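Trainee: Mind having a look at this structure? Questions to follow.
Rule-based calculations on the coordinates, nothing more; no lab input. In this text, all values refer to a predicted model and were calculated from it rather than measured experimentally. Backbone-built Cβ (ideal geometry, glycine too); neighbour counts: all protein chains shown.
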Amino acid sequence: MSQNARPVGDGSLGPETASKAASARGALAERDGVLVAFSGGVDSAVVAALARDALGGDAVACTARSETLPAAELDDARRVAGEIGIDHETVAFSELDDPNFVANDGDRCYHCRTMRLGKMYETAKERGIDTVCDGTNADDPGEGHRPGLRAVEELDVFSPLLDAGIAKEEVRAIADAYDLSVADKPSMACLSSRIPTGLEVTEERLTRVEKAERVLREWGFEGFRVRDHDGLARVEIAPDELERALDPAFADAVHEHLTDLGFEYVTLDMAGYRTGSVSPGGEGEPADDANGADGADGSESAAAGGDLGRQYPR
């Protein structure tokens, strides 16, 4: 655990949240060992911390490394695993090997999640572990278009936060009780969530989105997405940060950087960042990313992507 970590139930949590955390930890303790699908986001970090408390060295965190995971997120996962004091593994695979994923239909997250969790089970089996856990919380099932949750159910993944009725705000409170640095970390969906439904997911598009978002991070923004509409970059900034995005120096830097990456047009969405703006029906974004929760924030309809193409000819 972090050197400053405080045990859950020490009075820093309300009695109801502390009881739920104890229930989740108790359920984990009943297992011979667990492998936690671990993104380093707040949901999977709390599951990992509870598992480490419950099982000690019989708990392991595992991060799936692929083209859809930003390098910065992998670095964060390693750092957070170190804070928790849990054994951490990474496994490599490529969603781009699956033509169903590449086609980017409304079930893209289902295809991704099935592959990703399959790798988790392979790793667990190598370690003699029967149980794979994820960070699905009690708020997730009601949050719009979430096909990745179907894969979680089909593969019989154990979701201790969901089973204990722990909602997102309670997850953050438990993370704070453990003194985890990600207690207030915004949700981060995988890079494929930036590509509208019907537009193929390619390594080129994933790479330029990752590099485009890196410049926003370097300018100190916290809530943002760069949506790739096949040559048009739609930059979303959190409403409380949107005014800073109107700084001419920032606008010039972003335009230069993104056009260098291959975008023909760079636009700022004046509605600001909101989850699921490219998902079917505009719904859904996970509480965590693909390793620890549902996997992506969905994608926009093909018609929407086509409209942008007509409005901004290439």
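Trainee: Provide Ser192, Ser159 in ascending order of the number of other Cβ atoms located within 10 Å of each residue's Cβ, fewest first. Spell out each step's value before the answer.
Mentor: Values: Ser192 28, Ser159 24.
Ascending number of Cβ neighbours within 10 Å: Ser159, Ser192.
Trainee: How about Lys20: which lysines have a C-alpha closer than 23 Å to its C-alpha, ignoring those fewer than 8 places off in the same chain?
Mentor: Those lysines meeting the cut-off are Lys168, Lys185.
Trainee: Starting with the fewest neighbours, write out Arg108, Arg234, Arg116 ranked by other beta-carbon atoms found within 10 Å of each beta-carbon.
Mentor: Arg234, Arg116, Arg108
Trainee: Something else now. Using the count of nearby Cβ atoms within 10 Å as a rough guide to exposure, how do Val182, Val42 rank from fewest to most?
Mentor: Ascending number of Cβ neighbours within 10 Å: Val182, Val42.
Trainee: With contacts defined as alpha carbon pairs under 8 Å and 6 or more residues apart, what's the relative contact order of the range 15-177 in percent?
Mentor: Relative CO of the range 15-177 lands at 29 percent.
Trainee: Something else: Put a dot 7 Å past each Cα toward the Cβ at Glu169 and Ala27; how far apart are the dots in nm?
Mentor: 2.1 nm
Trainee: Moving to a separate point now. Using modelled amide H (1.01 Å from N, peptide plane; none on Pro or chain starts), what sits under 5 Å from the amide H of Tyr273, excluding residues fewer than 5 places away?
Mentor: Ile237, Ala238
Trainee: Another question, if that's okay. Tell me, what ³J(HN,Hα) does each residue in the range 220-231 have, in order and in whole Hz, if you take phi through Karplus 6.51 cos²θ - 1.76 cosθ + 1.60 with θ = phi - 60° and put x for Gly and Pro?
Mentor: Here the 3J(HN,Hα) series is x, 6, 10, x, 6, 8, 10, 8, 9, 9, 6, x Hz.
Trainee: Expressed in nm to one decimal, what extension gain is obtained for the pair Glu256 and Ser12 from 0.36 nm per residue of sequence separation less their Cα-Cα distance?
Mentor: Between Glu256 and Ser12, full extension yields an extra 83.1 nm.
Trainee: If you don't mind, there's one more thing I want to ask. Kindly give Rg over Rh for the range 104-202, based on alpha-carbon atoms, with the Kirkwood expression for the hydrodynamic radius.
Mentor: 1.00
Trainee: Can I ask one more? Multiply the residue gap between Glu204 and Asp98 by 0.36 nm, knock off their C-alpha separation, and tell me the result in nm, one decimal place.
Mentor: Working it through step by step, the gained length comes to 36.5 nm.
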